[in-house]
Amino acid sequence: MKCRKCPQKAVINMRQHKLALCAVHFPQWMVEQTQRFIQKYRMFTPEERVLVAVSGGKDSLSLWDILWQLGYQVDGVYISLGIDGGFGYSQKSQALCEKFAAQRGLKLIVVSASDQVGLTIPELAAVTQRGKDKPCSVCGLTKRHILDRVALEGKYDALATGHNLDDEVAVLFGNTLNWNVGYLSRQSPVLPARHPGLVRKVKPLCRFYEREMAAYALVRGIEYIYEECPHAEGSTTIYYKTLLNQLEADRPGAKLSFYLAFLRAKEKGLFAQFFPEEEGLGAGGEVLHTCPNCGGPTTLEGLCAFCRMVDKVHEMGKQT
Ligand code: Q46
Ligand code: ZN
Ligand code: ZN
């Protein structure tokens, strides 16, 4: 199959767009499309400073590469979680992020979870008993906290993550199955900061399929970690992705249209009553209080969930 724009052989055929492109025109198209989405959803401007959360995977490193090519003021942040999985997951992914940044002369901020909390993520999961086998809930809580803190301390205007269409649709599907209107109302390519302890969150890759991201990383020669985090295995998200891949195989473009129709429904105000416009309100419209320790938001008065967890760890340390 030939490229739509030149006589070269196409490296990817995007059936949902009826578009096949070569190794030169495909990455160009990805960069142009990303710029279009950044403007369409008013994610950030060239005058603003953006922090990209990188994990060493193809999506976040490709996002950093695209924003760098577009000339945005963009630094990276990597959180070392202390996860090994028998193959040095954290070490390997950190090394890849450092190499990526060094090759392009970009600034990478590295934060270690154990420096912040005193324990690695698996240790934290074990001592808090919050999912001994699956540390994902403490991991998610810790990552969210650290990312907001780093972005605020560095005075960044927006925090960008590499969520792709497959990720967004899996989340959307899960939230729709449960009619979780609070989460549905917040799911968006751009989430404004609704509390002084939060930073604007943006997802510039939310309209690209995972296979497009993999092709982009390959064509651009981006070295990334192929292995997923060992704790991702068996997750509900992966199960939803498998189901959605079956749907997509039968009906090309189904994921994209599901997602875009959802965004249009939101624009029309479908979930507005569950997530009012005012600042200071969280998902579901509850009031956001300020944590007296870290200044982050909390739905209950007093310490936020992260600071409560750290307190508990310190208490346990004193007892032993
Ligand atoms: S939450 Fe769970 Fe991820 Fe943390 S422990 Fe790994 S799979 S990295 S996105
Ligand atoms: Zn071409
Ligand atoms: Zn706190």
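The values are calculated or read from the model by the stated rules, or taken from the named source; none is laboratory data. Nothing here was measured: the structure is a model prediction, and the numbers come from that model. Here the Cβ positions follow ideal geometry from the backbone for every residue, glycine too, while neighbour counts run over all protein chains shown. Please note that ligands, DNA and RNA were not included when accessible areas were found on the heavy atoms of the full protein model with its side chains. Shrake-Rupley method; radii C 1.70, N 1.55, O 1.52, S 1.80 Å.
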Practice prompt. Under 11 Å from the Cβ of Val111, count the other residues' Cβ atoms, weight Lys and Arg +1, Asp and Glu -1, and hand me the total.
Written response: 0
Practice prompt. Give the peptides 25-32, 47-54 in descending order of average Cβ contacts within 10 Å, highest first.
Written response: 47-54, 25-32
Practice prompt. Rank by packing, highest mean first: peptides 236-247, 168-179, with packing defined as the count of other Cβ atoms within 10 Å averaged across residues.
Written response: 168-179, 236-247
Worksheet entry | Computed magnitude of the charge dipole of the chain (debye, nearest 20; Cβ of K, R +1, Cβ of D, E -1) | 1060
Practice prompt. Using the charge dipole of the range 1-122 (Lys, Arg: +1 at Cβ; Asp, Glu: -1 at Cβ; taken about the Cα centre), state which of Pro46, Ala95, Val110 has its Cα farthest towards the positive end.
Written response: Pro46
Worksheet entry | Point-to-point label distance, His17-Gln39, nm (Cα→Cβ direction, 7 Å offset) | 1.6
Worksheet item: Could the peptides 188-196, 8-16 be put in order, highest first, of the mean number of other beta-carbon atoms found within 10 Å of their residues?
Response: 188-196, 8-16
Discussion item. Restricting to DSSP H runs of at least four residues, report the calculated mean residue ellipticity at 222 nm for the chain, -39500 (n - 2.57) per run over all residues, nearest 500 deg cm²/dmol.
Written reply: -14500 deg cm²/dmol
Discussion item. Could you work out what % of the accessible surface of the chain is carbon and sulfur, using a 1.4 angstrom probe and leaving DNA, RNA and ligands out of the count?
Written reply: 52
Worksheet item: Between Val287 and Val110, what FRET efficiency comes out of the Förster formula 1/(1 + (r/R0)^6) with R0 = 25 Å and r the beta carbon distance, rounded to 0.05?
Response: 0.10
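Would you tally the net charge around Asn180, using a Cβ to Cβ cut-off of less than 15 Å, leaving Asn180 out, and scoring K and R as +1, D and E as -1?
Details: positive: Arg186, Lys266; negative: Glu168, Glu286.
Result for the local shell: 0.
Please report, in debye to the nearest 20, how large the charge dipole of the range 113-268 is about its Cα centre when each Lys and Arg carries +1 at its beta carbon and each Asp and Glu carries -1 there. Walk me through the intermediate numbers first.
Details: 21 positive and 18 negative charges, 150 e Å.
Dipole size: approximately 720 debye.
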Worksheet entry | Dipole of the chain [Lys/Arg +1, Asp/Glu -1 at C-beta], most positive-end residue of Val11, Gly82, Asn164 | Val11
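Quick one: if the Förster radius is 41 Å, what FRET efficiency do Glu233 and Glu47 give, using the C-beta to C-beta distance and rounding to 0.05? Could the numbers behind the result be given before it?
Details: r = 42 Å, r/R0 = 1.03.
The value I calculate is 0.45.
Give me the 1.4 Å probe accessible area per residue for the chain, excluding ligands and nucleic acids, in Å².
Values: 16040 Å² over 320 residues.
With all protein chains present, the chain gives 50 Å² per residue.
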